[in-house]
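S.K.: One structure follows; several queries about it will come next.
None of the figures in this text is laboratory data; all of them are computed from the coordinates on show. Quick caveat, the model's predicted, so the values are computed rather than measured. No Cβ is skipped: glycine too gets one built from the backbone with ideal geometry, and neighbour counts run over all protein chains shown.
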Amino acid sequence: MQEQRELQSRLEKKQMKDFMGVYSRLVQRCFDDCVNDFTSKSLLPKEEGCIMRCVDKYFKGTERLQTRFQELNAQMVQQGNALPGR
Amino acid sequence: MQEQRELQSRLEKKQMKDFMGVYSRLVQRCFDDCVNDFTSKSLLPKEEGCIMRCVDKYFKGTERLQTRFQELNAQMVQQGNALPGR
Amino acid sequence: MQEQRELQSRLEKKQMKDFMGVYSRLVQRCFDDCVNDFTSKSLLPKEEGCIMRCVDKYFKGTERLQTRFQELNAQMVQQGNALPGR
Amino acid sequence: MSFLFGQRPQPSSAEKIAAAEAEVEMVSDMFNRLSDSCHRKCVPADYREGELNKGESVCLDRCASKFFDVNIKVSEKMQSQAAAGGGAGGMGAMGGI
Amino acid sequence: MSFLFGQRPQPSSAEKIAAAEAEVEMVSDMFNRLSDSCHRKCVPADYREGELNKGESVCLDRCASKFFDVNIKVSEKMQSQAAAGGGAGGMGAMGGI
Amino acid sequence: MSFLFGQRPQPSSAEKIAAAEAEVEMVSDMFNRLSDSCHRKCVPADYREGELNKGESVCLDRCASKFFDVNIKVSEKMQSQAAAGGGAGGMGAMGGI
């Protein structure tokens with residue numbers, strides 16, 4: 001009971017941390033791919049456009065991969081083939 | 001005494017985490033190096049062969065590096081040259 | 001009060017960890033950029049020179065980026081434009 | 001990733017939590033790696049549009065599937081090596097503690 | 001990065017510490033990424049001298065500024081998407097726990 | 001990596017554990033970086049056979065040795081700079097807490 005609450009609370013922290021991780025990796029990835037001109041100190045319009053499309057694409061990609069990942073995980077647990085379940 | 005047990009338990013967790021880290025970096029490295037064809041959804045035989053050799057090689061390399069690392073570390077502690085020991 | 005001390009202590013650990021992180025990323029970066037000859041087992045003089053300049057440059061760059069980062073962060077908090085402060 | 005944690009008996013409740021946490025962390029680390037690799041392999045870095053196009057979507061699906069397969073292959077290989085006795089390292093006691 | 005944490009009410013004191021810690025960690029993770037990207041983009045890997053030259057210094061300044069802008073843009077975009085309801089994923093329950 | 005932790009007095013027992021943990025973490029982080037760099041530099045990514053050949057083995061040995069040397073050089077340099085007073089940054093208080 002208390003064990004479950006403890007686990008729950010840690011999982012929430014983990015999820016928060018995961019989200020932060022996705023967020024900051026996304027910022028870095030889009031920055032790296034879209035920003036390569038350092039003759040100005042503000043984002044150029046074409047860089048800003050690139051960033052926006054990059055974010056959109058990255059999130060859609062991440063959602064898609066999450067769905068696949070969960071399906072594959074569920075499938076694997078169900079089959080349990082050669083792989084001892086818990 | 002209790003301090004030691006506490007430390008011991010944390011070190012065990014650390015070792016587990018280290019092993020997990022080696023494992024998942026290995027999976028990513030071998031995937032990145034061996035899998036580049038996405039016209040099928042299952043591994044091709046040549047990809048599978050590459051993965052198996054990659055895993056073998058990576059583990060042998062890791063073991064070798066660990067041995068070297070420990071030797072070098074021991075040597076450094078022993079000499080303590082210019083480097084204050086604990 | 002006690003809350004503050006707890007926070008303080010964790011922040012100190014965090015800072016230590018951050019410093020370690022900067023240190024080990026620096027070692028890897030300078031190694032990767034400066035050392036590419038494995039016909040000998042000791043550093044060549046030109047590799048050693050490269051490492052020393054790399055460390056100097058990396059630290060100066062990091063300090064400069066830290067200053068900028070803090071300015072930009074302060075500026076953003078002050079403006080609070082569109083971005084709700086705490 | 002539960003197959004990696006299936007062999008050992010796990011007695012105390014603190015240990016159960018630790019094992020569950022380790023598993024969650026492993027799974028999410030694995031997902032992050034899959035995501036990084038598959039984005040890199042399937043989504044070109046020019047971002048002409050914000051949508052995933054058909055080719056990218058299919059590539060991501062297959063990439064996830066293949067990454068999973070690699071994960072299983074590697075895990076099987078390590079289990080059979082471990083069963084065959086030793087091998088494959090384990091990160092023993094490293095460093096000078 | 002405080003803008004990312006501004007919306008929610010934060011009741012208990014343990015939660016306050018956790019939130020503050022999460023924020024510190026986020027800020028320093030962000031700084032590390034900025035630092036990696038900007039060093040890579042602005043400082044050539046040949047290290048002819050130990051000083052930052054003028055061009056490298058200016059490049060680092062602008063790089064920091066642009067990285068920050070990207071961070072703000074992304075955060076605004078995510079907030080407006082979240083406000084518009086759902087979208088943008090959230091790392092839901094992953095894996096098989 | 002113990003040389004990095006040798007200077008300070010470490011009083012309380014909680015602090016001793018924290019310091020020991022920090023050291024272990026540092027050592028294993030360093031090993032992971034060494035391992036990544038040396039595999040990349042010494043082992044070609046085509047995997048024609050599962051064995052390490054002679055050239056790869058020797059390269060890994062030398063690579064480990066050189067990585068270690070770099071670690072020592074950098075540590076010495078930082079200690080002498082710290083002794084010379086300040087310099088070398090320290091990650092001061094970052095961000096807006």
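S.K.: Where a Cα-Cα gap under 22 Å defines reach, which lysines qualify for E:Lys16, not counting those fewer than 8 residues away within the same chain?
M.R.: A:Lys13, A:Lys14, A:Lys17, C:Lys13, C:Lys14, C:Lys17
S.K.: Same structure, new question: How big is the gap, in Å, between the Cα center of region D:45-70 and the Cα center of region A:27-58?
M.R.: Here the two parts' Cα centres lie 21 Å apart.
S.K.: If neighbour count is taken as other Cβ atoms inside 10 Å, put F:Ser80, D:Ser37 in order from fewest to most. Before the final figure, lay out the partial values.
M.R.: On the way: F:Ser80 12, D:Ser37 21.
Fewest-to-most ranking of F:Ser80, D:Ser37: F:Ser80, D:Ser37.
S.K.: In peptide C:46-59, what is the residue-averaged number of other protein chain Cβ atoms found within 10 Å of each Cβ? Don't jump to the answer; show the numbers that get you there.
M.R.: Numbers: counts 0, 4, 3, 2, 4, 7, 5, 6, 7, 9, 9, 11, 8, 8.
Mean shielding count: 6.
S.K.: Now for a separate question. Measuring nothing but label to label, 7 Å from Cα along Cα→Cβ, what are C:Thr67's distances to the other copies in nm, shortest first?
M.R.: Its label point is 5.0, 5.0 nm from the equivalent points in the other copies.
S.K.: Averaged over peptide A:4-17, how many Cβ atoms belonging to another chain are found within 10 Å of each residue's Cβ? Write out the running numbers ahead of the final one.
M.R.: On the way: counts 1, 0, 3, 7, 0, 3, 5, 5, 1, 3, 6, 7, 5, 7.
So the per-residue partner count for this stretch is 4.
S.K.: Averaged across B:33-44, how many Cβ atoms of other chains sit within 10 Å of each residue's Cβ atom? All intermediate terms of the calculation are to be shown ahead of the outcome.
M.R.: Values: counts 5, 5, 8, 2, 2, 12, 3, 3, 8, 4, 8, 1.
Partner-chain Cβ atoms within 10 Å, mean over residues of B:33-44: 5.
S.K.: Starting from the Cα of B:Lys60, draw a straight line to each of the lysines and keep only those under 19 Å, dropping any in the same chain fewer than 8 residues away.
M.R.: Qualifying lysines at Cα under 19 Å: D:Lys73, D:Lys77, F:Lys41, F:Lys54.
S.K.: Can you give the charge dipole size of region C:2-76 about its Cα centre, rounded to the nearest 20 debye, using +1 on the beta carbon of Lys and Arg and -1 on the beta carbon of Asp and Glu? The partial results should precede the final answer.
M.R.: Working: 14 positive and 12 negative charges, 14 e Å.
Roughly 60 debye for region C:2-76.
S.K.: How large is Rg over Rh for region D:2-83, taking Rg from the Cα atoms and Rh as the Kirkwood inverse mean of 1/r across Cα pairs? Let's see the in-between values first.
M.R.: Details: Rg = 17.2 Å, Rh = 15.2 Å.
With Rh from the inverse mean 1/r over Cα pairs, Rg/Rh is 1.13.
S.K.: For the residues F:Met30, B:Met16, C:Met76, what sequence is obtained by ranking on other C-beta atoms within 10 Å, fewest first?
M.R.: B:Met16, C:Met76, F:Met30
S.K.: 7 Å along Cα→Cβ for the label point: how many nanometres lie between F:Glu51 and each equivalent label in the other copies, listed shortest first?
M.R.: Distances to the matching label points in the other copies: 5.5, 5.5 nm.
S.K.: Still on this structure, please answer the following. With point charges of +1 on the Cβ of Lys and Arg and -1 on the Cβ of Asp and Glu, referenced to the Cα centre of region F:2-83, which listed residue (F:Cys38, F:Ile72, F:Ala22) lies farthest in the positive direction of the dipole?
M.R.: So the residue we want is F:Ile72.
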